[in-house]
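Report on the structure given below.
The values are calculated or read from the model by the stated rules, or taken from the named source; none is laboratory data. If you're wondering where the values come from, they're calculated on a predicted model, not measured in any experiment. All Cβ positions, even for glycine, are placed from backbone atoms using ideal geometry, and neighbour counts span all protein chains on display. What goes into the accessible areas is simple: the full protein's heavy atoms, side chains included, and nothing from ligands, DNA or RNA. Shrake-Rupley method; radii C 1.70, N 1.55, O 1.52, S 1.80 Å.
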2 protein chains.
Amino acid sequence: MNPPAAHLWRHLRVFQIWGSNTDVGKTIFATTLCKAAAKHYSHEKVAFLKPVSTGAPHEADSWHMRSDAPDIANDTLFQYEVACSPHAAASYRDSAVLAEIRSHAARRAALGSGWLFIETAGGVHSLGPSGTPQADLYAPMRVPALLVGDSKLGGISQTLAAYESLKLRGQDVEAIMLFQDAQYENHLYLQDYFQPSGVPVYTIPKPPQRNTDDRAEHRSMGAYYKRLSSDDSMRDLLANLDKRPSDEALLQPAFDRSASWWTQGLDHGNPKLTLAAAYAAGRYGHVMFASSVHEPALALAGTLLENMRNPRLARVFYSDNGSTGCEVATKMALRAARLRYGWSANDKVGILALRGSYHGDTMGAMDCSEPGVFNEKVEWYTGKGHWLDFPTVRCHEGQWQVDIPKALQADLGCGGETFESLDEVFRLDERIGSATHKAYEDHILRELQRLASRGHKFGALMLEPVVLGARWMILADPLFQRTLVDVVRSSGSQLFSTSTQHSLPDDSPSNADWSGLPVIFDEVFVGLYRLGRFSAASLLGVHPDISVHAKLLTGGLMPLCATLASESIFAAFESDDKSDALLHGHSYTAHPVSCQVALESLREMNRMRTSGDWSWARRPSQQEPEQRQQCANEAPLVWSVWSSDFVNQVSCVAARIEAVWALGTGSGYKSTAAADLQTRLRSGGDDGSWTAHTRVLGNVFYIMASQKTDKATVRGLEKLIAEALLE
Amino acid sequence: MNPPAAHLWRHLRVFQIWGSNTDVGKTIFATTLCKAAAKHYSHEKVAFLKPVSTGAPHEADSWHMRSDAPDIANDTLFQYEVACSPHAAASYRDSAVLAEIRSHAARRAALGSGWLFIETAGGVHSLGPSGTPQADLYAPMRVPALLVGDSKLGGISQTLAAYESLKLRGQDVEAIMLFQDAQYENHLYLQDYFQPSGVPVYTIPKPPQRNTDDRAEHRSMGAYYKRLSSDDSMRDLLANLDKRPSDEALLQPAFDRSASWWTQGLDHGNPKLTLAAAYAAGRYGHVMFASSVHEPALALAGTLLENMRNPRLARVFYSDNGSTGCEVATKMALRAARLRYGWSANDKVGILALRGSYHGDTMGAMDCSEPGVFNEKVEWYTGKGHWLDFPTVRCHEGQWQVDIPKALQADLGCGGETFESLDEVFRLDERIGSATHKAYEDHILRELQRLASRGHKFGALMLEPVVLGARWMILADPLFQRTLVDVVRSSGSQLFSTSTQHSLPDDSPSNADWSGLPVIFDEVFVGLYRLGRFSAASLLGVHPDISVHAKLLTGGLMPLCATLASESIFAAFESDDKSDALLHGHSYTAHPVSCQVALESLREMNRMRTSGDWSWARRPSQQEPEQRQQCANEAPLVWSVWSSDFVNQVSCVAARIEAVWALGTGSGYKSTAAADLQTRLRSGGDDGSWTAHTRVLGNVFYIMASQKTDKATVRGLEKLIAEALLE
């Protein structure tokens, strides 16, 4: 379960030698570098590692090292007798290969300062022993790269392409090395080419023609290496490599337990997303989105609308982040409501929401939240709206329960409910019609009547469905949120249009499908499979009129937000007068790079869902609920990567844990020991080889897996946390 | 001067055949495709083009086509006798090579529907006849790619690397074709590898061993092609290629005259920026910027601070776009002013600014602008501040003049000034001390006294230096902006602290370097060489306390904004209480991809400046003003890519042009014919082969070159515009 570790040490200088092609002289450069290092430092301090040798005739070059640098430690970890087809070679797991190499390097590092040169096989994308292209396989090692260029005909192309493939993986290419060739002079071109990017190109003379007679070949190569020993080029390269800061901290792998601010779904540095970004950057650059469109934006809009399965949503508005996306949503709803109810632009209109909600840090998004410690000091902040108390869900001492806030208990006439499982909490079809449901309905209606009677005007009902993320990771009772939407839709129109003393204007949109108030769901945090569903709204059986999506949308690469809206919301901005339009456009609105990355990211998550990648986290009865037709009254089923045993166990640490929940890939713990736990986990796993980076919100400790975190890792984390809590 | 044109036609299906390596069989695949197309359509409809033949022994394959497909049109445009070193080959300009190929393809297209297969030379990055790697050279053609994979040992690596280099240029790879090889089975691996991305892999049997005897070789290849003619693979490929929508519109190149909403500096799809983006995506993915840092963000902050040459600026705050960056700037200034002057968070504090300024579309940024047609209808908009009238600069009938708005003429006691050149307008060292300067000073002081006496409180002076971009492209009199800053700094403290009836609190920051009010410069549009200088502030000889940068920052690739601030502004948020911090953080704050792209973009523009890339646009006396020490009283010199002859000429079209100006790469025209002009330019250049995409703001027509637009293109545009205006 250990995350792949970087192969960097404070004193051991490790470099990886990559080839632009097969047969470009990797081993000759490796041998020359080792000999130069042995000469200038000492042979005990130098080691050579060829992790994989496939034994292809012209690759079986380790005799160079054995015969021409016999003093130097020289190892191979995976040996194949003959060159074979790549499928046949795929006999190890990526993690096993990396672990082998790491152990080897760690043993060298234990010997003290020195040099280790690791030679790859073939070209940059030649397959490793796991069947994964080396460029992907070795990327987590974070070992600086030395690229051997191709000095032959066509070699410029091979060198540039190999360089780009390494850069695409975030590899730091420290130098390019290649043979001088008087006919093609590739080295001259490459020196010019790489000069602006500061990548030095080192050259040495070409080796002698290959000799079929072994002894003659040995003699001529011996003479060649001897001549090279007085060549300055490799010495200069070594001296430059030696200049890298020697007090560089060890890299320590850490499990990213907040899924990098909840943006992460497909792991850091996913090469598919990187290539999608690179493609769109090369293909489109900037597209001015005012009166233009491009394929990635169009395709992404289609993909979002299709996957939401919300028949109301028909339009997509792009902006740069969740905060701006929520401002757009607010502008949409306020305009639609104002036109419907005939208010003037100067009328004070707020939003109806839940206490503790959060929508971002721009002024408009801040104003959607009630006053509190984090916004009251901000000079232009003015909370605009009303925020209701609401029941919450937690697991406590093995029992799932709905807690009613004290302030509501009298009005609701009840103090909460208990459930067998979280699943039952979400069986809204069974809970609708219950006494609790009726109590919720009555309470909400009374609240709205009270607000209306005081002249409050509202332009939207704005909710984070299921989980209120940023403030306290609160799991709301889904029945309450559902009931709130239902009551606003059935009674809002009557309540709020009456209270305005205005009659409906004649030109109100005729085919409006929103009623009461436009319903905005901010799914920035909870959407896109974070809670196990493409849309968290499906857990409530509710179709919002406006839905906001960001974070996981671009899989952690770059900012993008999509605000989805219904046709009737869109219609509120239709006019011949430009000043009636929704004039919200950032310079990079719908930039093609993020749109392309988002498309790739959604496709990959959808693929994972349909191919059952998360089925280990579901009980048999819960397989593929997404594939079943969702309708308003069907009970949504919930699942989580965090096991129910673990949730039960944690919920029983009564002294320190007040509440716990887990849903999809996320979980939260209200604990008196949140900060302690964070410190404890930072200090590392079983063998100290990795740690967990976590975030704490007040007294809430939370953990987020990515959509790709595997079962073994999740179970390992559960163990680590349980131990930390029980110690 | 024609921009490179896409080589796409409605009926002619053009494909470009790329090689993963030299000697992978490009010509064999081309011949096979041509023969298959001839068989299934008709030989007149098929053509083969090898733009460049270097005559290298194993590349001289056009006899395949001549002898095995003799009916098919077969051309070469650039012929080299022998394979030569790449430096020797660089004997044409990129544009000449593309024009040759386009003419050829256009002739084919004129013949009606059909197929044209264009074969590249060597690998994807092998050099074209201009010395530019083909992948970059041919990218503007936008011809769909067919990639010939490498079936030999190491060929998987070469194929994947070539594929990635094509994708990095935004190439659409329609299919991969390669030989079946029973030993290495690369095709099997590649079929699996590309299956998820939907790129089909087509294979045909390996050709016979090469025969040194020409006639025998001819015979055996003839037999091979005959066998292939009954092979389904290439026919299937053709059928799929034929499925591409046939009513695809012709692509029409257009000069992007608004520099893509002013974001563009280094041209669309710049491969250096693309590679920087790809590197950072692969290297970092997402980094949670709360209590973390990464190299690109740190290096970018350093680069910005260094190049600004503003000794006040010491801190950098990242957000996602100019609008959020201006909100951050506003939050910074308001807090600093409130603490200094002892106001409470509930005090009504506005900003002092100029009429017609614009800072973005989020609510907080909107509130920085005065009420007007575009924001008054937005429900939560409330302009917060006071906006002053100000003198503007324009060229009219060949004369540069400063115009005083009517409302100010009496108070200023003057109606404007005229100047020999725009240079003189910017010689602030000479203008300071003049009667106009004194009049400006007195007027501004009276205005501030009036505002203070009415109890107005201000938290910032916020300006777009030199040009007010978004509203009307107004060139402000730099002397007025300079004087405004000077007066606020010298008198603001006394005026506004008195008016609050508060004494300064004892704990006000002791080493504050701002005085009067924090000065914010919004350089989102005008900064980063848009007006010829790294910072537009240097044209005013003023050092703001807060400076906002975006747009050109990332060269058109993706959103990023940097808000720079002084140490004393930063100090206003230092506290042990978290709620005192500047709590503004988007999920993707300082995302490494944009930071890396911005770094590369700034480096490239700095390189262009120091290597004199823009010197053609400067008169001899104006060379390298950036390299001279800037101090407050030194006259800044201005330059523009738009010639003074052109500006004069346009300014004399009195009937239709009210005003014109040009500075750096931008220019604006106040015209009664703006929309007409836009239409006229959209209809095309001299030969109809390209058009200009322009933007109009009300009655203002504006043109923006990129930092890379060359002299010939600018002069060509000038001619086109002048003709359109005079016709």
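Structure values in brief
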read-out	value
Options B:Ser547, B:Ser538; residue that is in the same structural domain as B:Ser490 (by the TED database), surrounded by 24 or more Cβ atoms within 10 Å (Cβ to Cβ), among the small types (Gly, Ala, Ser) and not in a loop (DSSP other than H, G, I, E, B)	B:Ser547
Residue under evaluation A:Thr483, criteria (1) of a type in the set (S, T, N, Q); (2) at pLDDT 95 or above; (3) surrounded by fewer than 16 Cβ atoms within 10 Å (Cβ to Cβ), criterion not met	(3)
Number of the condition not met by A:Leu300 [criteria: (1) touching a Cys at 6+ places or on another chain (Cβ under 6 Å); (2) among the aliphatic types (A, V, I, L, M); (3) facing another protein chain (nearest Cβ under 10 Å)]	(3)
Any chance A:Thr263 is at pLDDT below 85, touching a Gly at 6+ places or on another chain (Cβ under 9 Å) and more than 17 Å from A:Thr32 (Cα to Cα)	yes
From A:Gly198, A:Gly170, residue being in a loop (DSSP other than H, G, I, E, B), more than 8 Å from chain B (Cβ to nearest Cβ) and within 30 Å of B:Met608 (Cβ to Cβ)	A:Gly198
B:Ala407 vs. criteria farther than 25 Å from B:Glu658 by Cβ and without any contact (Cβ under 8 Å) to a residue 40 or more places away in the chain	no
Meets criteria (modelled with pLDDT under 80 and over 30 Å from A:Pro311 (Cβ atoms)) for A:Ile703	yes
Residue within segment B:448-458 that is of a type outside the set (Val, Ile, Thr) and within 14 Å of chain A (Cβ to nearest Cβ) present	yes
Flag if B:Ala5 is among the small types (Gly, Ala, Ser) and at pLDDT 85 or above	no
Answer from A:Ser369, A:Ser344 - the residue that is within 14 Å of chain B (Cβ to nearest Cβ), under 27 Å from the mean Cα position of the chain (by Cα) and within 21 Å of A:Leu451 (Cβ to Cβ)	A:Ser369
Evaluation of B:Gln449 against (1) buried (at least 17 other Cβ atoms within 10 Å of the Cβ); (2) on the phi < 0 side of the Ramachandran plot (one fails), failing number	(1)
Condition check for A:Gly265: free of Cβ contacts under 8 Å to residues at least 40 places away in the same chain and within 13 Å of chain B (Cβ to nearest Cβ)	no
Flag for A:Leu560 being open to solvent by less than 10 Å² (accessible area, probe 1.4 Å), facing chain B (nearest Cβ under 9 Å) and in contact (Cβ under 8 Å) with a residue 60 or more places away in the chain	yes
When residues of segment A:268-297 are limited to those that are assigned to a helix (DSSP H, G or I) and either of a type in the set (A, V, I, L, M, F, W, C) or at positive phi (or both), the one farthest from the other protein chains (Cβ to nearest Cβ)	A:Ala297
Contacts under 6 angstrom Cβ, first residue in segment B:462-479 being part of a strand (DSSP E or B), partner at pLDDT below 90, 6 or more apart	B:Leu468/B:Ile474; B:Leu475/B:Trp661
Selection within segment B:125-138 - within 7 Å of another protein chain (Cβ to nearest Cβ) and closer than 17 Å to B:Asn270 by Cα	B:His125, B:Pro133
Filter result for A:Asp423 (within 32 Å of the chain's Cα centre (by Cα) and within 22 Å of A:Leu531 (Cβ to Cβ))	yes
Enumeration of residues in segment B:206-223 that are among the hydrophobic types (A, V, I, L, M, F, W, C) and under 53 Å from the mean Cα position of the chain (by Cα)	B:Met221
Residue that is open to solvent by less than 20 Å² (accessible area, probe 1.4 Å) and farther than 22 Å from A:Pro205 by Cα, where the choices are A:Gln79, A:Gln134	A:Gln134
Qualifying residues in segment A:174-212 (those that are closer than 30 Å to A:Leu557 by Cα and in contact (Cβ under 8 Å) with a residue 60 or more places away in the chain) - the one surrounded by the most Cβ atoms within 10 Å (Cβ to Cβ)	A:Ala175
Filter result (under 21 Å from A:Gly154 (Cβ atoms) and either open to solvent by 20 Å² or more (accessible area, probe 1.4 Å) or not aliphatic (A, V, I, L, M) (or both)) within segment B:102-131	B:Phe117, B:Glu119, B:Thr120, B:Gly122, B:Gly123, B:His125, B:Ser126, B:Leu127, B:Gly128, B:Pro129, B:Ser130, B:Gly131
A:Glu306, sole failed condition from (1) surrounded by fewer than 20 Cβ atoms within 10 Å (Cβ to Cβ); (2) acidic (Asp, Glu); (3) touching a residue at least 40 places away in the same chain (Cβ under 8 Å)	(3)
Segment A:324-372, subset among the hydroxyl-bearing types (Ser, Thr, Tyr) and touching a strand residue (DSSP E or B) at 6+ places or on another chain (Cβ under 8 Å), residue surrounded by the most Cβ atoms within 10 Å (Cβ to Cβ)	A:Thr324
Residue in segment B:405-423 that is closer than 30 Å to A:Ser579 by Cα, open to solvent by 20 Å² or more (accessible area, probe 1.4 Å) and in contact with a Lys or Arg (Cβ under 9 Å, 6 or more places away or on another chain) present	yes
Boolean, B:His456 is over 30 Å from A:Arg335 (Cβ atoms), in contact (Cβ under 8 Å) with a residue 60 or more places away in the chain and not assigned by the TED database to the domain that holds B:Asp361	no
